[in-house]
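Report on the following structure.
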Amino acid sequence: MPTTVIAYRTTIGLLWGLALWHSWESRGLFVDGSAFLVQIVRREWFFDFYAPRLYAMVMGQIPMLAALFLGVTDLHLLARLLSFGLFAVPTALYHLALMRAKNDPVLLAAVVAAIAVVFMTTSFFIVGEYNTAYAIVILAAVRLATAERLTLFDGLVLAAIAFAAMRTYEVMIYLGPLLAAMIFWAIRRAPSRPVFATGLHLVAAGLFLAGMVVATGSILKPHSVEHLSDTVATATNFWQNLQFDMALAAALVVVGWALFKPQALLVARPYWWAGLFLAILALSPLLALSDTLVRPLAKSQYVARTAAGLVIATIVAFIWVYRSSLQVKLQALVVLRTPEASRRFIAFALSMMLAGLPSDIYLTRTWISYLDTIRLEVRARDGVIAFEDTPLARNPHLLLVEAWILPSLSLALRAKRGDGIVAPPRAFEGWQPFPPGQPYDLGPYMWRD
């Protein structure tokens, strides 16, 4: 079984290795990302159209904006920098959480599990601000759980990430109060309450509650009623995300065993049963050899984002209870604190992350092929290109198509002004940023290979 040090270093290495690879392959352009790229270069400024998610948007766009100010006009490089910004923010936050938890194998396993079950299975849509929101929540929970006393530095960190959380995503409607309550618990159990450190903790709690207010307002008065309705309607469709389902099922097997037969955590049996789901997850790319939709799907990661928030809330609750006075009253936690059980627990969490790698690699490879296909089509023709006349209308590329974004992605991939623009399917009647026959003039900004 891997030691805590090995699990910590392996997770850090995988997190940043994947972030750099995904950035290099411009995975941040998936769906809304290409519209962000086009709008940023068109304005030569942040694309900050939605105030309730403003801070997450701005943080992810900083590397690209820095390059724009330095005179970079290569859309390929800018796409990589936008992707890096989008991936680097949650990755850095999870990294900080891992650093804080590395000396406690159970807490470390909880953070790795959050990455494996949520981030690895829902972050193909990395432009979604929920990725940053969930990472902020895990970092805040771990810092509060591991704080033996109130310090000025912890207060500053909590206040900073609480400020970022205030305008990040709608899930703060319930995660904000949860973290605020955890801060009050940390203050109450502290052996002393220095004025400035306590004040900063209270500020952080207030900011998390302010995030709840902002989130509530964004739901009561949404930017788009249609988008909110779609989000609510698809919230129960998380089962369509095979990666999320298998990782969550494996975790639930162990949780169930811990609740009903805690002593079993000292042996391998629960983990072998959970391992069956991890084996399916690891082998799931092979399902792409068939014609069914039962396979890893990039677009299905988006529909699991709402259910993922409930998983994050559960992990935060676990972290809180584990470090509270209840730790000596709940048999499962008593068992988990033993060296044998904690080693198995961290090994299982790391196994979940490793089991998710094949599907991540598979989906990224399909994205590379998809992007190359659009680029070749756009440069081979001029004017408006009928979607039905391209390979995009057939599998496997069809599985990555989001109709409204095709013109924006085509515009981003053009090597010269006269290159073509792929139109949405003929039956599509939804909103588009611009008519395919009248693309934005991006001036000197072109995609260079």
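Read-outs: derived from the displayed coordinates by stated rules, not from any lab. From a predicted model like this one, the values you see are computed outputs, not experimental measurements. Backbone-built Cβ (ideal geometry, glycine too); neighbour counts: all protein chains shown.
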Based on the Cα gyration tensor of region 4-360, what are the three equivalent ellipsoid semi-axes, each the root of five times an eigenvalue, rounded to whole Å and given largest first?
31, 27, 18
Correct semi-axes for region 125-226, from √(5λ) of the alpha-carbon gyration tensor and rounded to whole Å with the largest first, are 27, 13, 10
For helix 339-355, what angle does its Cα long axis make with the longest principal axis of the chain, in degrees from 0 to 90 and rounded to 10?
10 degrees
If the viscosity is 0.890 mPa s and the temperature 25 °C, what Stokes-Einstein diffusion coefficient in µm²/s follows for region 260-382 when Rh is the Kirkwood radius over Cα pairs?
138 µm²/s
If I model a spin label as a point 7 Å beyond the Cα along the Cα-Cβ vector, how far apart are those points for T236 and D372 in nm?
4.2 nm
Please give the per residue volume of the convex hull enclosing the alpha carbon atoms of region 228-307, rounded to a whole number of Å³.
97 Å³
Using alpha-carbon pairs under 8 Å, 6+ residues apart, how would you state the relative contact order of region 37-92 in percent?
36 percent
Cα long-axis angle, helix 54-69 against the chain (0 to 90 degrees, to the nearest 10)
50 degrees
Helix 32-43 sits at what angle to the longest principal axis of the chain, using alpha carbons and giving 0 to 90 degrees rounded to 10?
60 degrees
Anchor K102: lysines whose Cα lies under 28 Å away (excluding residues fewer than 8 positions away in-chain)
K261, K329
Helical contribution to [θ] at 222 nm, DSSP H n ≥ 4, -39,500 (n - 2.57), averaged over the chain, rounded to 500:
-21000 deg cm²/dmol
At a Förster distance of 41 Å, what's the computed FRET efficiency of W45 paired with L252, Cβ-Cβ distance as r, to 0.05?
0.35
For region 383-449, convex hull volume per residue from C-alpha positions, Å³:
90 Å³
If I build a Gaussian network model for the chain, linking alpha-carbon pairs within less than 10 angstrom, which residue out of G176, G17, G60 has the largest mean-square fluctuation?
G17
Which whole-number percent gives the relative contact order of the chain, counting Cα pairs below 8 Å spaced six or more residues apart?
20 percent
Let me check I've understood the local charge: for Q432, count other residues with C-beta under 14 angstrom from its C-beta, Lys and Arg +1, Asp and Glu -1. What total comes out?
-2
Would you list which lysines come within 29 Å of K299, measuring only between C-alpha atoms, while excluding same-chain residues fewer than 8 positions from it?
K221
